[in-house]
Structures are given as C-alpha cells and as structure tokens.
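Sharing a structure below in structure tokens format, with a few things to ask.
Rule-based calculations on the coordinates, nothing more; no lab input. Everything quoted here is computed from the prediction, not taken from an experiment. Cβ atoms come from the backbone with ideal geometry, glycine included; neighbour counts cover every protein chain shown.
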Amino acid sequence: MVGSFREGNVKWFTEGKLNITENCLDRHAAVTPGKTAIVWEPNEPTDEYKALTYRELLAHVSALGNVLRSKGVGKGDRVAIYLPMIPELLVAVLACARIGAVHSVVFAGFSARSLADRINDCQCKMVITADGLFRGKQQVSLKTLVDQALAETTSVDSVLVVKRTNETVDMQPGRDFWLAELTAEAPAHCEPEIMDSEDPLFVLYTSGSTGKPKGILHTCGGYMVYAGYSFANVFQADEGDVFWCTADLGWITGHTYLTYGPLLMGITTVMFEGVPTYPTPARFWEVCDKHAVNQFYTAPTAIRALMLHGESYPNSASLSTLKTIGTVGEPINKEAWDWYFEHVGRRLCALVDTWWQTETGGIMISGIGSYSAMKATYAGLPLPGVKPVLLDQSGLEINEPNTEGLLAIKHPWPSMLRTIFGDHERCMNTYFTMFPGYYFTGDGAWRDPDGMFRIIGRVDDVINVSGHRFGTAEIENAINAHHTVVESAVVGYPHDVKGQGILAFVIMSDEGLDEVEMREAVCESVVHHIGKIARPDRIVRVLALPKTRSGKIMRRILRKIAEGDTSNLGDTSTLLDPSVVEQIIVAFKVQV
C-alpha cells in the first residue's frame, strides 16, 4: 500500500496485473466446469428457474464481451447497466470487467431523470437495458424510461436490449439492438483485458448530504482481494455451499456479495428477481428450501416486513440447510434480531450483523461466522486488518469503553473508494478533510467493553431508507422542482419497517390545492426526479420553516418534531422567527 488519507492518494498492490473475471470464472471453469455458478430464481414461483455452470457463465460473459468490443466499447469506457434482476445483469457486469470497461449499474427502480444524471456524470458510451421488468405484481417498461433518459444525454452511442416482458418497444435504428441476437453470433472466447491493480473497475452512485449523487469509484486489485477475503471470512462458506444475497445488483451489496465475492471463491450464488412477500410472505423461506441455501444475507427492512406476517411462514419451512444468516444496510433492532435468530436461524445459525458502505467496498465490522460472539444490535468486531476508532467532535480519539462517538477508520484498506468520479475535491471534503488522517464514515457508533461496535446511524443530512441512502438535499431538490412548491425541508424519522421514513415539510404556493392534491403533487415530483423508492412517507404543509438569521434551515428542530419529541427542542433563540416552531408543531399534529 502507498499513499495516505491526508493526501487522498491511497493505492494497493501497485503495478499488479490482473483481470478480475479470470479469478471469478476462468480458474473455476478449468477445474470444476460443471459446478453451478449462478442459480436464478424468477419473479413467479411457477416459472422455471435457471442454473448456469461456471463454464456456461464464462461462455455468456465472453460472448457479450465480444459484442461490447464490436460496438466500440473498450478499456476505460463507461457502460450504464439498467436491468432487472435477471442473469443478463450479472453477465453484463462481468462482460464489462472482462474487456476493461467500467460498469455503472443503475438500480432499475430509479427514474429516467436519475438514469440520465448518472449517464451524463460519467459520460457512458453504452446502455444495457431490457424491454421491461417484473417485480411482484408490477410490470415496468424499462426501455421507455431509457428512451426518456437518452433524450437528455449526448454520450451514448448504442443501447443493448434484453427481452424479458416481451412488450412492444421502440427501437431506434443504428442505436438500439436486441442483445440476444448479437450474442448468438459472437465468438465464445473473449481475451481478457490486462488491467492494472489501480485501473477503474466500476462506478456506483450513492447519495450524499448535497443534492448530486456521488459516483464512487472502485479499482480492480484492491476491491478484488477484499471482496474475496471478506466473503470467505464473514460467511465461512464451504466449497459446495449455496449462498443467497437478496440485494439488488444496483446496490453495492449486490456487487460484492451477490457477484464478485461468491464467484471469486467458487461458490454457487443465488439471484432473485422477486420481492419477499410475493406471492406470499413464505417466498424467501421457500426459495431457501428449494435451492438448499446455506448462507442467507438480507436487510433488516425485509426481516421487519416479514415479522408483520407472523412466524408461521418461516416455521412452516425446513430451513435445515442454513448455517449462517446475515443482515446488511442498516442497524437491526433487537426485536428483529431476536425474531430472525429464533424463527429463521432456529437458534442454530450464526447471525452476522454486518456494517459497511458503498465507499468501503466490503464488510468492515462483523462477526466471522460461528467463530465470533453474537450480541443483538451489535455489528461486532472489526475484520482483521480494519482499524475503526471513535472520535469526538474535535477529532480526538475516544478510548474509554461504553462510549459513543463518530465512527472513523484509522488506516487504509484495499477495497476503499479511490475517488468520486470527476470530482476528487468533493471526495476529499466528504471523507478525509473533516478529520485529517482518518476516513470519516458519517455514522455514529457505540463501543462496549469487549470492543464490539453498535452502529447508531447517520450523523449527517443523509436518510437511510430500507438500507438505501438518500441525501435530504437530493429529495428537497426533487420536491422543489414542482411549480406549486415554494420551499421544503426533509428529515428522517423512526419507521417500524424501513428503519427510517422520509418526512417532508413543504411550503406551497397559493394555487388552491387541497391536502390530497398537495401530497400527490409532491410525490409525483419525487418519483419523476428520483424514483418511487424515495417517495416521502409523510408530508406536512407548513407556512414557514425554522431558519436562522443567516437563512439556514434548522433540521435538528424538524427531526425532533418528526420523532414526536417536542419537549426538548434545544436553543431556538438563534431563529429568525421562533414562533414558527409552534406553528409547525400544530401543523404536524393535525396532518400526521
């Protein structure tokens, strides 16, 4: 390792040469070609699932890699992938890595505007998408959204389209191509591009405290090593095990622990198109039994949602093959931890409550399978080689046990982000400038006398909704884009299922909108600019917002109101108009 946090120039395994797909595919295809690499479970349980061996997956990846090259995509070019959870998504990711192109997966629940923003930010040369997707009872026309997005972009030369829903779509001659037709004619061997350890592997966008999403850039060598290392240690998967990470590949969890981690270790990975409650709340447990899953990795949000349906669904399943169960994306509350351990793990499975981020690339704090102590609501100990510390507001390390502080990392690790694409200054200001010499996570944490960490949550203006981070400014910008909105302020509040819900305080212009119309207008604007996943759970119409004399919105006060804690609002004397607070409290009680 060379470089430092202070300089923002960390590098690992300098001058090392590799191609990550050779380690994920070629070496396993040579030794165990018939071993199942991926099992795809479709949205409808009555549809046939698909299994690909390592030899077959390598052939699919190679064919698509050759197609990409034939369309002028090469080393360093960016490719946006906007696909449902189908095998072609995983193949597209690996095909990009095969030829040295930089994949940028965009969650297929994001809007056309969000897709366009990401394409424009990293100047993607190609988009890979599908005609549509199935998600539970829903069917969404993805190609239509891509066409809308491309009307606002100039960098895309070609679009490859997968047939999934078989709906009629517009195909622009010379730009749009059916993927299956191209791969059917492509050679089955694709020479892997030789990559330097520090060459870019992918850009994945995550929200920050400002309105513009951040393109987190990860590189080939360090990410590969840490993905394999953390997967092997945390989940303790044996050679013949079947691993199921329920995350969408549009998020970092799907990158590291659905795709790269398991394949690097030669494990069978399960890819799931559906949702936990469709067609019944038994779906997760039925899939576990159907495919004899050994390690199961999901989000606390999913666990809490399934808890609402009772324990009869997991109790009616065998779940006898499970050895390790895990959670990811947000802190898990004790009730959900106990339910998961009791009714899914049957008190026999190791439960690993993992903490990490898009920026870290891999798990940083967690139990190591059955080798570590478990403590409800505690992520546990740092992985070997990881050095987390707690800092006070002035940046001094807190060494006493039973203390709370700001969670930071003291030393570099291989899979850490290298930069924010196109904006290294923002990267430095976000992660490394506030506390020089440390990586600042943006989370608060508690450390017990045994050194175990419990993650408390975000300490910046970021809301964690079902494990997905959204900056308050990002949502406010989407709300304010509607012509009837004068101004808005967004905060998070405790939500029984999502962990955090989104509450918007909105000032509307006098256009005669009633409460229902106002809510529809606000939600419509957010869905258009970001996607349904960021739609506010609660909306409160107010006449003014609590602002300091310099014009800063005091979200601290709004968070207290959202949590129902109005007895301790702190000092309001710095507000331009302190009476606004009482007006907001009254409006909140009436409208929520």
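Among the listed pairs LYS323/LYS387; LYS75/LYS214; LYS498/LYS552; LYS212/LYS532, give every one whose C-alpha distance is greater than 25 Å.
LYS323/LYS387; LYS498/LYS552
Among residues other than GLY564 whose Cβ falls under 13 Å from its Cβ, what is the net charge (Lys/Arg +1, Asp/Glu -1)?
Neighbour charge sum, excluding GLY564 itself: +2.
Can you sort ILE455, ILE216, ILE363 from fewest to most other Cβ atoms within 10 Å of each residue's own Cβ?
ILE455, ILE216, ILE363
At most 12 other Cβ atoms within 10 Å and a DSSP loop assignment: could you name the GluC sites (Glu not before Pro) in segment 30-100 that fit?
Counting only loop positions with at most 12 other Cβ atoms within 10 Å, the GluC sites (Glu not before Pro) in segment 30-100 are GLU48.
Quick one: grab the alpha carbon gyration tensor of segment 13-123, order the square roots of its eigenvalues as a ≥ b ≥ c, and give me rounded if a/c is under 1.5, else prolate or oblate depending on whether a/b is larger than b/c.
Oblate, since a/c reaches 1.5 and b/c is not below a/b.
What are the GluC sites (Glu not before Pro) within segment 473-565 that DSSP puts in a loop, where the Cβ has at most 11 other Cβ atoms within 10 Å?
Loop-located and lightly packed - GLU511.
Counting other C-beta atoms within 10 Å, and keeping those with at most 12, which DSSP coil GluC sites (Glu not before Pro) do you find in segment 176-219?
Passing both the DSSP loop test and the Cβ count: GLU185.
For segment 41-83, what log10 I(q)/I(0) values come out of the Debye formula at q = 0.17, 0.23, 0.24 1/Å, with one point per alpha carbon and no solvent?
With no solvent term, the Cα-only Debye profile gives -0.70, -0.90, -0.92.
Taking amide hydrogens as modeled 1.01 Å from N in the peptide plane, which residues meet the under 5 Å criterion relative to GLY380, leaving out close sequence neighbours?
Close amide H contacts, sequence-distant or interchain: PHE453.
Something else now. How high is the relative contact order of the chain, given as a whole-number percent (alpha carbon pairs under 8 Å, six or more residues apart)?
13
Does segment 462-591 come out rounded, prolate or oblate, given a ≥ b ≥ c as the square roots of the eigenvalues of its C-alpha gyration tensor, rounded meaning a/c under 1.5 and, failing that, prolate meaning a/b above b/c?
Oblate.
Moving on. Long-range amide H contacts for ASP176: which residues qualify at under 5 Å (H placed 1.01 Å from N, peptide plane, sequence gap of 5 or more or a different chain)?
VAL159
Could you give each residue of segment 356-369 its phi-based ³J(HN,Hα) in whole Hz, using Karplus coefficients 6.51, -1.76, 1.60 with θ = phi - 60°, and x for Gly or Pro?
5, 9, 3, 5, 7, x, x, 5, 10, 10, 4, x, 10, x
How much of the DSSP bridge set in the chain is antiparallel, in percent, rounded to the nearest 5?
60
Then there's this: What's the extension gain from ASP460 to VAL516 if we count 0.36 nm per residue and subtract their Cα-Cα distance?
17.0 nm
How much length would be gained if the chain were fully extended between LYS387 and ASP496, taking 0.36 nm per residue of separation minus their Cα-Cα distance, in nm to one decimal?
36.0 nm
So what J values fall out for segment 259-271 if you push phi through Karplus, 6.51 cos²θ - 1.76 cosθ + 1.60 with θ = phi - 60°, rounded to Hz, Gly and Pro as x?
9, 5, x, x, 5, 4, 8, x, 9, 7, 10, 9, 10
Same structure again: Around LYS71, with a cut-off of 9 angstrom between Cβ atoms, what is the net charge of the other residues, counting Lys and Arg +1 and Asp and Glu -1?
+1
Sort out for me the Cα centre separation of segment 422-449 from segment 505-536, rounded to whole Å.
Here the answer is 33 Å between Cα centres.
Whose amide H sits under 5 Å from the amide H of VAL275, counting only residues 5 or more places off or on another chain, with H placed in the peptide plane?
Those qualifying (amide H under 5 Å, at least 5 residues apart or on another chain) are GLY136.
Would you list THR548, THR441 from fewest to most Cβ contacts within 10 Å?
THR548, THR441
At a 10 Å Cβ-Cβ cut-off, how would you order CYS245, CYS190, fewest neighbours first?
Going from sparsest to densest Cβ surroundings: CYS190, CYS245.
Straight distance only, please: which lysines reach the Cα of LYS71 with their own Cα at less than 17 Å, same-chain residues fewer than 8 apart left out?
LYS125
Where in the chain are the DSSP H helices whose alpha-carbon span along the long axis reaches 20 Å or more and whose Kyte-Doolittle mean is at least 0.5?
Passing helices, by number: 220-235.
Here's another thing I want to ask about it. Taking the Cβ of PRO436 as the centre, find all other residues whose Cβ is under 14 Å away and add up their charges (Lys, Arg: +1; Asp, Glu: -1).
With Lys, Arg at +1 and Asp, Glu at -1, the neighbours total 0.
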